[in-house]
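The values are calculated or read from the model by the stated rules, or taken from the named source; none is laboratory data. Remember, it's a predicted structure, so these values are computed and weren't measured experimentally. Every residue, glycine among them, receives a Cβ derived from its backbone with ideal geometry; neighbour counts consider all protein chains shown.
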C-alpha cells in the first residue's frame, strides 16, 4: 500500500464561518480508528497520511477494482449537529480535501462541554443507478419526513467504476439568446428529475465543479486530460443554467446529480487539491463554437464500457499522453471550430480580476481593494494577520496575509494574488459581509422575544412578511436546502418555495403556510445560529467627528448638504469600487444619485432599494473612511483583561502576535494560536512582560496589550 493525504475544512454559513476546535475522527471501513485530530481557528486540520493503492491502477482503464481506499470521517463540534461521512476516497500521492458544512443546533437543545451534541442522520445512496435518457415526467407530491437524528453521508464509488450500458450524458441542446453568466451558486437536485422526494442543495458553482470532477475522473490523470475534462464539466453545467433546462420545465433546480441526465455530484464528498487548483483558475471558461454565444452541449461518457457521440473520459488520458493540449483534445471529440472563452460576468463578484497578478511592489486600487477585503475576512478567520495600513501598496505584510488566506482555502501558497486567489478572496468577502449585514439588519428590524401571532401565506404583505423574509435569508447560508429570498414585504411564489424548503428541512408540514409551528421553528433556528454560530462583528475605529446618520432617509427627490455629502463619499469610494458609477455632486438626489446608491448597495450586499437609510448611510461612511485611510480595523484594548480561561478572537490576536515575536525574542516560549488563554499562553505573556519590565502577572491588561502590539509592529 502507498500513501495519500486528507485534510478536513469545517465551515458553516456559506463557508464564511470556520468551526474551530472541532473533533475529527477517521476510521477505516472496519471501524478501526486511524486518526483523531482537531480543527484550528480557521476550521482546518493538518494533512493526514492514509494508506491507498498504488496510483498506477488509476491509469489502467481495465483495472476491475477501485484505485483508491475509503475511510469514514466523523466531525463533532459543540453547538452543531454531528456529521458522519462514509466512503471518503484517498488516492496514492494525492491530497484530498474534505469540505464539511455543519449546521447549528436549535436554541432549545442544551449544550455542555462534557456531552457531544445531538447527532443528525442524512443518508446518501451507496450506489449510483444510471438509467437511459428519458423524457421529464411529473410524480406525486413529496410526503412529510421526520427530521433526522444523525447525519450520515455515504460517498458512492467513483462513477468510472460503475457504468452501465446506458450511462452517458446527453440530450438536445436548447438555443437561447442571452448573456452567458457564471452563477455564484447552482441548485442541485439530489436524484432523478422526477423524484420529488429528493432534496435540493444550493452549492457554490466552483465547489460544484470541483466535486463533480473529483468523482467522475481520477486526479492522477495527466494535467491536460484533467483540464479538458473540467472544461467539459464546466460547459455542461453552464449550458444547463444558460438554457434554463429544468427551470423552464417548472422545476426549482438547475441540475440533477443523476448520471442518467446530468453529472455526478456527491453531497458531502471530497475534492482533490490539484483538481481544486485547476478549477479555481478555469471555472469561468467554457466551450462554444466560433460565431456562437451559447455554451456548447458537451455530451460525454466514460469511453470504456460506454461510448457516445461525445468525449471519452478515458480517451482523454491517451490523447494527453500523446501531447495534445486541452483544446486539441476537445476538438478531437467535438467540432473543429470549438473555442474556449472566459466570462467575467460572475454573479457574486462585482469587480472582475484586473487582468494581471498582484505581488510585492504592486500598487493601486486593486491592491487596496484586496487589502480591505482581507482585513474584513480576518474578522471571521482570525489566523489571517491584520494589514495595519491598507494603502494600496503590496508590501510584505500584505504578502503574509495573502499566503495565510491561500493556505486556509487550499490555494497555491505563493503570496501572489492571481485570478484564482482574487476570485476566492472576492467570494469569501461577499459571504462574510452578507452575514454581517444580515445581523445588523436583524437588529434594525428588531426581531422580538416571541414570534408574531399571525398566519402568512401567498398574498400576504407588510412588516410581518419582511420579518419572515429576513429570517429565511438569515438562516439560508447555514442550511443549503433553503433558498434565499428577496426582502420586499410581498409573500409571493419565491417566498412560498423558501418556506416549503424550510419546513422540509426541519420536519414540518410543508404547505408553504407560516403558522404557529413554522414561526416557532423559525425563531428556534435563528436563536440557535446566534447562540451556537455567532457571527463576528467587525470592530472599526471611526475618527472623531465622523458624519452621523441624520435621522431621515435620503431618497429620490431629497436635497441638501447630506445628499451632497453622500454623493461626494460615493465618488471617493468608486476609486476602489469601480462598479459604482460617477454621480454629479450637486446636493440633489436625482436618478444618477439613485443609480450610484443602488450600485453601492449591490457591491456591499445590502437591499438595493436606492434609499440611504441608517444601514446604507453607515456603510457609505465606513467605506469612505477606510478608502481614505481614516479608519482601520480596531486594535484598541477590548476593555476586559485577558487571562487564563479567556477565549475568542482577541486571545487569538495576542497569541498570534506573541508567536511572531519569537523571531526577535527567541526566549519567548512557543504557544498554540487557538483562541484559548491556557497556562501555556500565560507563560508566554509572563516571559514577554519580563522582557519589557512590565508586571509579570500573566494577564493582558491595557499596558501589556499595547506593548505587544507596539513591539510586533516595530520588530516583525
Q | residue 186 touching a helix residue (DSSP H, G or I) at 6+ places or on another chain (Cβ under 9 Å), under 23 Å from residue 279 (Cβ atoms), crowded, with 17+ Cβ neighbours inside 10 Å and at pLDDT below 55 | A | no
Q.
Quick check on this structure: which one of 354, 326 is out of contact with any strand residue (DSSP E or B) (no Cβ under 7 Å at 6 or more places or on another chain), crowded, with 16+ Cβ neighbours inside 10 Å and closer than 30 Å to residue 598 by Cα?
A. 354
Q) Which residues, counting only those in the range 69-82, are over 19 Å from residue 31 (Cβ atoms) and either in a loop (DSSP other than H, G, I, E, B) or out of contact with any helix residue (DSSP H, G or I) (no Cβ under 7 Å at 6 or more places or on another chain) (or both)? A) 77, 78, 79, 81
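One line per residue, one yes/no per condition, for (1) assigned to a helix (DSSP H, G or I); (2) at pLDDT 90 or above:
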{"position": "387", "(1), (2)": "no, no"}
{"position": "421", "(1), (2)": "yes, yes"}
{"position": "433", "(1), (2)": "yes, no"}
{"position": "436", "(1), (2)": "yes, no"}
{"position": "439", "(1), (2)": "yes, no"}
{"position": "444", "(1), (2)": "yes, no"}
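How many residues are surrounded by fewer than 17 Cβ atoms within 10 Å (Cβ to Cβ) and either in contact (Cβ under 8 Å) with a residue 60 or more places away in the chain or over 21 Å from residue 243 (Cα atoms) (or both) when one looks only at the range 282-305? Break it down into steps so the answer makes sense when it comes.
Just the residues of the range 282-305 that are surrounded by fewer than 17 Cβ atoms within 10 Å (Cβ to Cβ), to begin with: 289-293, 304-305.
Among the residues that remain, those that are also either in contact (Cβ under 8 Å) with a residue 60 or more places away in the chain or over 21 Å from residue 243 (Cα atoms) (or both) are: 293, 304-305.
So the answer is 3.
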Q) Can you name the number of the only condition in (1) in contact (Cβ under 8 Å) with a residue 60 or more places away in the chain; (2) closer than 21 Å to residue 47 by Cα; (3) touching a helix residue (DSSP H, G or I) at 6+ places or on another chain (Cβ under 8 Å) that residue 408 fails? A) (3)
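Test residue 477 against the criterion of being modelled with pLDDT of 90 or more and outside any loop (DSSP other than H, G, I, E, B), and give yes or no.
Criteria met by residue 477.
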**Q.** Residues satisfying the stated conditions in the range 660-680, i.e. modelled with pLDDT under 90 and not in a loop (DSSP other than H, G, I, E, B)
**A.** 660, 676
**Q.** Odd one out for residue 650, checked against (1) part of a helix (DSSP H, G or I); (2) touching a helix residue (DSSP H, G or I) at 6+ places or on another chain (Cβ under 8 Å)
**A.** (2)
Q) From the set of residues in the range 336-351 that are in a loop (DSSP other than H, G, I, E, B) and touching a strand residue (DSSP E or B) at 6+ places or on another chain (Cβ under 6 Å), which is farthest from residue 430 (Cα to Cα)? A) 337
